[in-house]
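*Asks:* Provided herewith is a single structure, encoded as C-alpha cells, for subsequent inquiry.
All of the numbers you see were taken from the coordinates with simple rules; none came from a lab. All values reported here derive from a predicted model rather than from experimental measurement. Cβ atoms come from the backbone with ideal geometry, glycine included; neighbour counts cover every protein chain shown.
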Amino acid sequence: MRETAGERWGRRIVLTLLALFVVIPLYVMVTSAAKPLQDVQNGFTWWPSRPTLQPFIDMWSTVPLARYLVNSLVVSSIAAICSVAVAIFAAFAVSRYRFRGRGVFSVTVLSTQMFPGILFLLPLFLIYVNLGNATGIELYASRTGLIITYLTFSLPFSIWMLVGYFDSIPRGLDEAAQVDGAGPLRTLFQVILPAAVPGVVAVTVYAFMTAWGEVLFASVMTDEGSRTLAVGLQGYSTQFNVYWNQIMAASLVVSVPVVVGFLALQRYFVAGLTAGAVK
Amino acid sequence: MATSTTAPDADQREPRAGSPARGPARRPRGPRRSLLPYLLLAPAVVLELAIHVIPMVVGVWMSLLELTQFHIRNWSTAPFIGLENYRATLDLNSAAGKELLHSFWVTLAYSLLSVGFAWLLGISAAVVLQRPFRGRAILRALFLTPYALPVYAAVITWSFLLQRDTGLVNHVLVDQLGLMNDRPFWLIGDNSFWSLLVVSVWRNWPFAFLCLMAGLQNVPGELYEAAAIDGAGFWRRLRSVTLPMLRPVNLVLLLVLFLWTFNDFNTPFVLFGGSAPEQADLISIHIYRSSFKTWDFGSGSAMSVALLLFLLVVSAAYLLITNRRRDDHA
C-alpha cells in the first residue's frame, strides 16, 4: 500500500509539532542545568552565556540531596523487589489455577488502582501514627512505612501484567515439567519464570518508577530524615533565591536512570499491556 | 473438581502422577493442592487488605466521626456524629460547600479536556508511526519520555518554563514574538487552569500513545489493504478500520485516563507548590489542603468518600452505556 504525498506531508507536520511539544521542556531542563545562576535569574536565555557544570556540584550542598537520593533509592528498590516477588506468586495462582474467589480477587485488586489516593491518605496517616503510639512500630515518617505503602501501590498493575505474561507461556511446558516430577513451585521457578524474564524485568522497572515518582504520600508520611526526592527537590527555592539551574541539574540526575530503564524496556511494556488487554 | 483427566485443571492437580513415590506422595495431598492458590495469593491479599481495603473502611468510619484536631492524637475519643460531616461539607449553601462545588467543576473540566487532548495527541502519533520509516524508533522513544520522567522532575521543569520573569513561555510570547505588551502570570489567576491543563496533557498523552500503539499492533494489515483496494482514502480508513478496531482499547483507556486525571494530585501540587490558585483547585488538592490546614480529618474523609462514590457511579454508568451500545451493534 503506497503512501500519498498528502499523507507523507501530514505525517511530517504532525510529527514535527509533537516532537517540538515534547522536546522543548526537555531542552530547557538540560541546557538550564548548565547555566550560571545569573542566566536563570534575569530573564530567559536559550543557551547558557557561559556553559558550566557548577550546578551539578552545588546542588549537593544547597539541599541534602544525597540523603534524599539514598532514601529514594532504598525505598524504591526494596518496594520494587518485594512488589514483584509478591506479584509473581499471585500472578502464578491467577494464571494457572481455577479457584473460588479468583474473579473477585482480580476485580478488587485492579479497581483499587483507580481509587483516589487521597481516600487512603487520611486513614493510613492516622493508622500509622496511632499504631506507632500504641505498639512502638514506627511506620509514620519511616522508610519502612513508605516501602509497605509503595509496594502495595504497584502491586495491582504488576499482577495484571504478569498474569498476561504467564498466560502467554504454553501450559505444555508446565505439564512436561510435571511429568518430570516437578512440583508447582519448581515449575514456577524453573519453567515459567525463565520464560517470563522480560516481563518480570519490565514489571520491576514499573514498580521502581511508581515508588520513585510518588508525591502525595511522600509529602505527608516523611520527615526530614526519611524525605525522598519527590519532596526534597522542592527545597531549592528559598526565601531569597530560587536556584533554577540547580533544580534543573537535580531533576536531570534523578530522571536519567528511570527514563533510560523505561525506554530500554518499552517494548516489553507494550507487550505486557497487549497481553493483559487481550483477555 | 479434579475428576476428569482431560480438563486442564485436572492436569495441574495431579502433577506427580508419573513420578516415583517420594516424600510428598505419602502425605495426604488433596487439601494441600486446593489450598495452594490461596497460599500463593496470601501475601498480596494481606498487603491489599492492610493498605487499601482496611484504610478504605477506616476512612468511611472516620467520615462519621467528629475527628477534629482535638481527637487526632487519640481517635478513639472522637464522638460519633453520623452523617453530620457529609451534611456540613456537601451543603451547597455554606461557604465550604460552595468551594467544594467550584473545585468539582474545575476538576471535571480539567479531566475532560485533559483526557480529550491526550487521546487526540496519542492517536495522531500512533497512526502516523504505524508505518515503518527511518527514525521511527527514535521518535517513539522520544514521545514516551514525558511519561517515563518522574512526575516532580517534569512538573518542576514546566513551572520553570511558566515563570513570569525568567520563563521560556513569556520570553517567546513577549520578548521574541511581541504578542503581548505586559508579561502575564501563568501560575496564578485565570491562566493557571490552562497551564495546569498543558502540563497534564504533556505528562499523560504518552500513556494514550503507548496503549493505542499496542492496540494498533493487533489490527491485521490485510484490512488496510482491502480498504485501499476499495478506494478508501486516509480518513475513510481511519474511520472505518482503525477506530472500530481500537474500540476495546479506547473503552478502557478513556476511563482509566479520566479516573487518573480526576484524582490528580501530583501535577497541581508540584506546579503550584502546594497552594493551588482557586482557578486550578483540583478536588484532591482541595481535600488535602482543607484536611491538613484545619486538621479536620472527619470532613476530609467525608469529602473523600463522596468523591469515591461519585467516581463509582460515573464508572458504572460508563461501563453500562458502552456495554449496551456494543450489544446494540451485535
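*Asks:* Choose one answer from A:Val70, A:Val259, A:Val84: the residue with the largest mean-square fluctuation in a GNM of chain A with alpha-carbon springs under 10 Å.
*Replies:* Evaluated over chain A, the most mobile residue of the options is A:Val259.
*Asks:* Before rounding to the nearest 500, sum -39500 (n - 2.57) across all DSSP H runs of length at least 4 in chain A and divide by the residue total; then give [θ] at 222 nm in deg cm²/dmol.
*Replies:* Values: 14 runs with 203 residues, N = 279.
Calculated at 222 nm, the ellipticity per residue is -23500 deg cm²/dmol.
*Asks:* For region A:53-278, what does the alpha-carbon gyration tensor say about shape, rounded, prolate or oblate, given a ≥ b ≥ c as the root eigenvalues, a/c under 1.5 as rounded, and a/b over b/c as prolate?
*Replies:* prolate
*Asks:* About its Cα centre, what dipole magnitude does region A:53-278 give when the only charges are +1 on Lys and Arg Cβ and -1 on Asp and Glu Cβ, stated in debye to the nearest 20? Working shown, then result.
*Replies:* Numbers: 10 positive and 9 negative charges, 90 e Å.
Charge dipole, region A:53-278, about its Cα centre: 440 debye, nearest 20.
*Asks:* Picking from A:Ala90, A:Pro25, A:Trp60, whose Cα lies most toward the positive end of the charge dipole for region A:15-109 (charges on Cβ: Lys, Arg +1; Asp, Glu -1)?
*Replies:* My answer, from the dipole projection, is A:Ala90.
*Asks:* Between rounded, prolate and oblate, where does region A:1-117 land on the alpha carbon gyration tensor, with a ≥ b ≥ c its root eigenvalues, rounded for a/c under 1.5, else prolate if a/b exceeds b/c?
*Replies:* Judged from the Cα gyration tensor, region A:1-117 comes out oblate (a/c at least 1.5, b/c at or above a/b).
*Asks:* Let me know the mean shielding of B:48-60 by other chains, meaning the per-residue number of their Cβ atoms within 10 Å of its Cβ.
*Replies:* Across B:48-60, the average partner-chain Cβ count within 10 Å equals 6.
*Asks:* Where Rh is the Kirkwood radius over the Cα pairs of region B:110-161, the temperature 37 °C and the viscosity 0.692 mPa s, what D in µm²/s does Stokes-Einstein return?
*Replies:* Roughly 256 µm²/s, to the nearest whole number.
*Asks:* Could you work out how far helix A:102-112 tilts from the main Cα principal axis of chain A, as a 0 to 90 degree angle to the nearest 10?
*Replies:* Helix A:102-112 sits at roughly 10 degrees to that axis.
*Asks:* State the three equivalent ellipsoid semi-axes of chain B, derived from the C-alpha gyration tensor as the square roots of 5 times its eigenvalues, in descending order and whole Å.
*Replies:* 42, 37, 20
*Asks:* Suppose a student asked you for the relative contact order of region A:53-278, using Cα pairs under 8 Å spaced at least 6 residues apart; what percent would you report? Write out the running numbers ahead of the final one.
*Replies:* Details: 230 pairs, mean separation 77.0, N = 226.
About 34 percent, as a whole number.
*Asks:* Which helices of chain B meet both criteria: a Cα extent of 20 Å or more along the helical axis and a mean Kyte-Doolittle score no lower than 0.5, with helices taken as whole DSSP H segments? Don't skip to the end; give the middle numbers.
*Replies:* Details: long enough: B:30-48 (28 Å, 0.79); B:95-128 (50 Å, 1.34); B:191-216 (36 Å, 1.13); B:243-262 (27 Å, 1.88); B:297-329 (48 Å, 0.76).
Within chain B the helices that satisfy the rule are B:30-48, B:95-128, B:191-216, B:243-262, B:297-329.
*Asks:* Another question about this same structure. How far is helix A:117-135 tilted, in degrees, relative to the longest principal axis of the Cα atoms in chain A, given as a value from 0 to 90 rounded to the nearest 10?
*Replies:* Helix A:117-135 sits at roughly 80 degrees to that axis.
*Asks:* What whole-number distance in Å separates the alpha-carbon centres of region A:121-160 and region A:26-41?
*Replies:* What the calculation gives is 38 Å, centre to centre.
*Asks:* I've got another one for you. Going by alpha carbons, how many degrees (0 to 90, nearest 10) lie between the helix axis of A:197-213 and the longest principal axis of chain A?
*Replies:* Orientation of helix A:197-213: about 40 degrees from the principal axis.
*Asks:* Rounded to whole Å and sorted largest first, list the principal axis extents of the Cα atoms in region A:84-188.
*Replies:* Reported extents, whole Å, longest axis first: 54, 28, 22.
*Asks:* Restricting to Cα pairs below 8 Å that are 6+ residues apart, what does the relative contact order work out to for chain B? Please round to a whole percent.
*Replies:* 25
*Asks:* Take chain B, connect every pair of alpha-carbon atoms lying under 10 Å apart with a spring to form a Gaussian network, then pick out the residue of B:Asn204, B:Asn266, B:Asn181 with the largest mean-square fluctuation.
*Replies:* The residue with the greatest mean-square fluctuation here is B:Asn181.
*Asks:* Taking region B:60-134 as the region of interest, what is the percent of Cα-Cα pairs per 10 angstrom bin, listed from the shortest bin to the one with the maximum distance?
*Replies:* P(r) over region B:60-134, rounded to whole percents: 16, 23, 21, 15, 13, 9, 3.
*Asks:* Pick out which of A:Ser49, A:Ser158, A:Ser76 has the largest mean-square fluctuation in a Gaussian network model of chain A, springs linking Cα atoms closer than 10 Å.
*Replies:* Largest GNM mean-square fluctuation: A:Ser49.
*Asks:* Over region A:103-236, what relative contact order in percent results from Cα pairs under 8 Å that are six or more residues apart?
*Replies:* Result for region A:103-236 is 29 percent.
*Asks:* Work from the charge dipole of region B:175-330 (Cβ charges, +1 for Lys and Arg, -1 for Asp and Glu, about the Cα centre) and give the residue of B:Trp205, B:Asn250, B:Ser304 farthest towards its positive end.
*Replies:* Going by the charge dipole, the pick is B:Asn250.
*Asks:* With bins 10 Å wide starting at 0, give me the P(r) of the protein assembly as shown over every alpha carbon pair, in whole percents.
*Replies:* Answer for the protein assembly as shown: a P(r) of 3, 14, 24, 25, 19, 10, 3, 1, 0 percent.
*Asks:* About the Cα centre, and with charges only on the beta carbon of Lys, Arg (+1) and Asp, Glu (-1), how big is the dipole of the protein assembly as shown? Nearest 20 debye, please. If you can, show how the numbers build up before the last one.
*Replies:* On the way: 44 positive and 33 negative charges, 376 e Å.
So the magnitude is around 1800 debye.
*Asks:* Next question. Ratio of alpha-carbon Rg to the 2.2 N^0.38 Å globular estimate for region B:231-330, to two decimals, please.
*Replies:* Dividing the Cα radius of gyration by 2.2 N^0.38 Å gives 1.53.
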